[in-house]
1. Quick one: is Arg25 touching an Asp or Glu at 6+ places or on another chain (Cβ under 6 Å) and in contact (Cβ under 8 Å) with a residue 12 or more places away in the chain?
2. Here is a check on your reading of the model: is Val43 at pLDDT 90 or above, of a type in the set (A, V, I, L, M, F, W, C) and in contact with a strand residue (DSSP E or B) (Cβ under 6 Å, 6 or more places away or on another chain)?
3. Sort out which residues of the range 34-48 are under 20 Å from Ala75 (Cβ atoms) and of a type in the set (A, V, I, L, M), and write them in order of number.
4. Please enumerate the residues belonging to the range 20-50 that are among the hydroxyl-bearing types (Ser, Thr, Tyr), within 15 Å of Val60 (Cβ to Cβ) and surrounded by 15 or more Cβ atoms within 10 Å (Cβ to Cβ).
5. Which members of the range 10-38 meet the condition of being at pLDDT 95 or above and of a type in the set (Ser, Thr, Tyr)?
6. Sort out which residues of the range 54-75 are within 23 Å of Phe97 (Cα to Cα) and surrounded by 12 or more Cβ atoms within 10 Å (Cβ to Cβ), and write them in order of number.
7. Tally time: how many residues in the range 34-75 are under 12 Å from Val7 (Cα atoms), free of Cβ contacts under 8 Å to residues at least 60 places away in the same chain and not in a helix (DSSP H, G or I)?
8. Could you tell me which residue of the range 76-109 is farthest from Asp40 (Cα to Cα), considering only residues that are among the polar types (S, T, N, Q) and either over 12 Å from the mean Cα position of the chain (by Cα) or in a strand (DSSP E or B) (or both)?
Amino acid sequence: MPRPARVLRVAPVPLRPDRLSDLERIFATSVSVSEMATTDPAVLSEAAKSLAVDAIVLDVVRPAPLRRLVDALGAHQLLRPTWAETRTSRGELQPRFAGYGLIEGDGTLRPVADGELAPGE
């Protein structure tokens, strides 16, 4: 049985079940999530190193610190939420979580396939 994936999640709010399910899909195993609210790159880098994480999830991070975090933490697999729109019963468009995407070197997000980031033994 594969070991659980280790993820460092950056967000000021607790992880929602739908997001945990998507992480389990991406890693094809259970996921151990450590959460931090700081956006200090040095603190996050040290935490990622000490936890030996498989990925860092930049979940609820404003655009201003996001580029700085991507630059500082680029040695790790970085994940970011993607969004789709759904219509409400009143016909209004509302964003909804559509899974995590992998942040590429140029800052773009690409979809992550099932099990793509499965941890090694």
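1. Taking the combined requirement at face value, the residue satisfies it.
2. When the stated conditions are applied, Val43 does not pass them.
3. Residues satisfying the conditions are Met36, Ala42, Val43, Leu44, Ala47, Ala48.
4. Once the filter is applied, which keeps residues that are among the hydroxyl-bearing types (Ser, Thr, Tyr), within 15 Å of Val60 (Cβ to Cβ) and surrounded by 15 or more Cβ atoms within 10 Å (Cβ to Cβ), the range 20-50 yields only Thr39.
5. Passing the criteria: Ser21, Thr29, Ser30, Ser32, Ser34.
6. Passing the criteria: Asp54, Ala55, Ile56, Val57, Leu58, Asp59, Val60, Val61, Pro65, Leu66, Leu69, Val70.
7. 9
8. By that ranking, first place goes to Ser89.
The values are calculated or read from the model by the stated rules, or taken from the named source; none is laboratory data. Predicted model, so just to flag it, every value in this text is computed and none were measured. Quick reminder, even Gly has a Cβ in these numbers, built from the backbone with ideal geometry, and neighbours come from all protein chains shown.
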